[in-house]
Amino acid sequence: MAPNSPAQPSIEVLFLQHAAAVRGFVMGLVPDRAAADDVFQEVFLTVMQRGADFRRDGNFLAWARGIARNKVLEHYRRQRTAPLPFDEELLNLLADSAEDSDELMEQRREALAKCLERLAPRTREIVDLRYGDHALTPPKIAEQLAWTTNAVNVALARARAFLRDCTRRMLASGEVT
């Protein structure tokens with residue numbers, strides 16, 4: 001299968017999909033914004049250079065975060081005037097913690113997706129209008145649906161409550177993995 005096929009996104013696409021998480025990881029470890037930007041750029045370049053090393057069935061974010069961890073260590077080693085604010089063991093613990101957090105977020109996303117499917121069609125439409133790609137304000141939704149703004153706000157409040165309760169139940173019951 002070609003590397004640019006829909007089933008296997010390119011390394012560039014994978015990096016773009018996970019750039020915010022990788023950048024946040026770097027910025028959490030390198031408080032100087034300019035230095036963090038430099039490290040993030042190094043991570044990007046390394047990911048592009050080593051893209052062929054990534055196993056397509058693997059966890060891209062964990063792989064990219066591993067590269068980021070090494071680049072952060074390199075950054076602090078180059079900064080001999082500034083002591084390393086943490087040891088490698090702590091950096092590894094932070095990276096592992098970030099992976100656990102990613103797993104939890106993925107479970108929450110999966111639960112939310114399943115709960116969204118359970119919404120009534122009209123409620124789902126209102127949620128999509130409010131939070132979709134072209135998010136509308138409640139007054140604009142009301143205008144589009146010929147509803148009152150208050151009715152839209154009530155429908156959204158009920159939808160959010162349903163989604164919150166549904167995702168909590170799914171997570172607690174282990175319906176998502």
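Pick out, from region 102-176, the helices (runs of 4 or more DSSP H) lying fully within it that include 1 or more residues that are under 18 Å from the mean Cα position of the chain (by Cα).
In region 102-176, 121-131, 149-173 are the helices (runs of 4 or more DSSP H) which contain 1 or more residues that are under 18 Å from the mean Cα position of the chain (by Cα).
Being within 15 Å of residue 112 (Cβ to Cβ) and surrounded by 17 or more Cβ atoms within 10 Å (Cβ to Cβ) is the filter here; which residues of region 122-155 pass it?
123, 127, 130
Which members of region 36-51 meet the condition of being aliphatic (A, V, I, L, M), in contact (Cβ under 8 Å) with a residue 12 or more places away in the chain and surrounded by fewer than 18 Cβ atoms within 10 Å (Cβ to Cβ)?
Within region 36-51, 48 is the sole residue that qualifies.
Quick note: the coordinates plus some simple rules give every number you see, no bench work behind them. For clarity, every value in this text was computed on a predicted model and none was experimentally measured. All Cβ positions, glycine included, derive from the backbone under ideal geometry; neighbour counts span all protein chains shown.
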